[in-house]
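Worksheet: the structure to be examined is printed underneath.
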Amino acid sequence: MLRFLAYRLIQSAIVLFIIVTVTFFLVRAAPGGPYSRERAVSPHILEKLEEQAGLNKPLFEQYTIYMGNLLKGDLMNSYKYEGRRVVDIIGDALPISVNLGLIALVIALGVGIPTGVISAARQNSWVDYSFMSVAMIGICLPTFVLGPLLALFFAINLNFFNASGWYDSTDWVLPSLTLGLYYAAYIARIARGGMLEVLNQDFIRTARAKGVPPSKVLTRHALRGGLLPVISYMGPAFAALITGSFVIEKVFAIPGMGQHFIDAAFNRDFTLISGVVIVYGTLIVFLNLAVDVVQILIDPRQKFSTK
């Protein structure tokens, strides 16, 4: 166990180093800079601004300085939000994005798992066809379409919720539903596939032959193994829920990480872009590690391996 964790942590550190390096050079390879959009800035003033920010130094020297600060835990200051550190901006926005992602994940699991299990238990029935047809529609319907539709119906027409903002708990409903229902469709199909694979195995036939009630066969014998594919999907799913909130935050005007990332991309705010990518990269790497550990602990057939 400890050897496995140590090996995976080393792998994670290498992956994060590559992510940081690639992000650093990619954002600086794009045309323009953090001060190129300023109005009525003469070349002389622009040169002074870049000199003050250290952008006039050779690229490799900038990279060395950035990595040195990063090793100290300093993500540096934002170029567009003068006087504000990137870590403070992310610290204000990250809890909002994580909160949105967690609520959406609860919705996705609460809708997707029962739908998939019931569909597998009623294979090739009208229930199965109906549930999987709705799930396919959910997969094909992107969040930037579903979000405005929900806002139009529940916020504008029925006036149940606000169409934008993140002021109280009622504002969480529409963004979380939009994000959660989209991934519930994926989870439903994954859960159905996993359950069908387990329900066709010999030990399930033996349990049925012994007269075990169908409900107990489903919950006590098949559910644990049938949901393993869902557990495997949990790491990428939660990471996708967090990063997928970029669009949702823009649609519903939520002041989360996605909003800052999009604004930073338009403003060529190099340090803020890199900071957001680092935070999301770290979350994704360690979520995948946690899911791998949980999956191995649940399924004794798998072993901790460093190969």
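The values are calculated or read from the model by the stated rules, or taken from the named source; none is laboratory data. What you see is a predicted model, and the numbers here were worked out from it, not measured in a lab. Ideal geometry is used to build each Cβ from the backbone, glycine not excepted, and the neighbour counts take in all protein chains shown. Remember, those area values only see protein heavy atoms, side chains included, never the ligands or the DNA or RNA. Shrake-Rupley method; radii C 1.70, N 1.55, O 1.52, S 1.80 Å.
Between Ala29, Ala209, Ala163, find the one with the highest GNM mean-square fluctuation for the chain; connect C-alpha pairs within less than 10 Å.
So, out of Ala29, Ala209, Ala163, the one fluctuating most is Ala209.
Could you list the trypsin sites (Lys or Arg not before Pro) in segment 78-165 that lie in coil according to DSSP, counting only those with at most 14 other Cβ atoms within 10 Å of their Cβ?
Details: sites: Lys80, Arg84, Arg85, Arg122; in loops: Lys80, Arg84, Arg122.
Here the trypsin sites (Lys or Arg not before Pro) that fit, given the DSSP loop and packing criteria, are Arg84, Arg122.
If I take every Cα pair under 8 Å that is 6 or more residues apart in segment 99-250, average their sequence separation and divide by the length, what percent do I get for the relative contact order?
Numbers: 182 pairs, mean separation 54.9, N = 152.
Relative contact order here is 36 percent.
Given a 1.4 Å probe and heavy atoms of the protein chains only, how would you sort His221, His44, largest accessible area at the top?
On the way: His221 75, His44 120 Å².
Largest accessible area first, the residues go His44, His221.
Students often check this: by mean Cβ neighbours within 10 Å, which of 138-151, 190-203 ranks highest, and how do the rest follow?
On the way: 138-151: 15.8, 190-203: 18.1.
The most tightly packed comes first, giving 190-203, 138-151.
Scattering from the C-alpha atoms of segment 172-224 alone, worked out with Debye: what is log10 I(q)/I(0) at q = 0.12, 0.22, 0.24 1/Å?
Treating every Cα as an identical point scatterer, log10 I(q)/I(0) equals -0.41, -0.77, -0.84.
With a 1.4 Å probe and every protein chain left in place, work out the accessible area per residue of the chain in Å², rounded to a whole number. Walk me through the numbers before you get to the answer.
On the way: 16570 Å² over 307 residues.
Value for the chain: 54 Å² per residue.
Pick from Ser130, Ser215, Ser245: which residue has the top mean-square fluctuation in a GNM of the chain where Cα pairs under 10 Å get a spring?
The residue with the greatest mean-square fluctuation here is Ser215.
Calculate how steeply helix 257-267 sits against the longest principal axis of the alpha-carbon atoms of the chain, using the helix alpha-carbon long axis, and give the answer as 0 to 90 degrees to the nearest 10.
So the helix axis and the longest Cα principal axis differ by about 40 degrees.
Divide by every residue of the chain the summed helix terms, -39500 (n - 2.57) for each DSSP H run of at least 4, and state the resulting mean residue ellipticity at 222 nm, rounded to the nearest 500 deg cm²/dmol.
Values: 12 runs with 214 residues, N = 307.
Only helices count here, giving -23500 deg cm²/dmol.
Mind listing the long-range amide H neighbours of Asn77? Cut-off is under 5 Å, sequence gap 5 or more, other chains count too, H placed in the peptide plane at 1.01 Å from N.
Val86
Where the accessible area of segment 184-307 is counted over protein heavy atoms with a 1.4 Å probe, how much of it, in %, is carbon and sulfur?
On the way: 3590 of 5720 Å².
Ligands and nucleic acids excluded, carbon and sulfur reach 63 percent.
Report Rg/Rh for segment 40-104, rounded to two decimals, where Rg is the Cα radius of gyration and Rh the Kirkwood radius. It would help to have the intermediate numbers written out before the result.
Numbers: Rg = 16.0 Å, Rh = 14.2 Å.
Across segment 40-104, the Cα-based Rg/Rh ratio is 1.13.
Ratio to report: Rg/Rh of segment 173-307, with Cα atoms as the point set and Rh obtained by the Kirkwood method; give two decimals. Intermediate values should be presented prior to the final figure.
Numbers: Rg = 20.0 Å, Rh = 17.7 Å.
On the Cα set of segment 173-307, Rg over Rh gives 1.13.
Do you know the relative contact order of the chain, to the nearest whole percent, from alpha carbon pairs under 8 angstrom that are 6+ apart?
Details: 353 pairs, mean separation 82.6, N = 307.
Once divided by the residue count of the chain, the mean separation gives 27 percent.
Rg to Rh for segment 190-254: what is it, with Cα atoms only and Rh by Kirkwood? Please report the intermediate quantities before stating the final value.
On the way: Rg = 17.8 Å, Rh = 13.9 Å.
Radius of gyration over Kirkwood radius for segment 190-254 works out to 1.28.
Can you compute the modelled spin-label distance between Ile10 and Tyr167, with each label point 7 Å from Cα toward Cβ, in nm?
5.4 nm
Please express the shape of the chain as an equivalent ellipsoid: the semi-axes are the square roots of 5 times the eigenvalues of the C-alpha gyration tensor, given largest first in whole angstrom.
44, 26, 13
Please work out the FRET efficiency for the pair Leu2 and Val87, using the Cβ-Cβ distance as r and a Förster radius of 25 Å; give the result to the nearest 0.05. Spell out each step's value before the answer.
Working: r = 31 Å, r/R0 = 1.24.
Working from the Cβ atoms, E equals 0.20.
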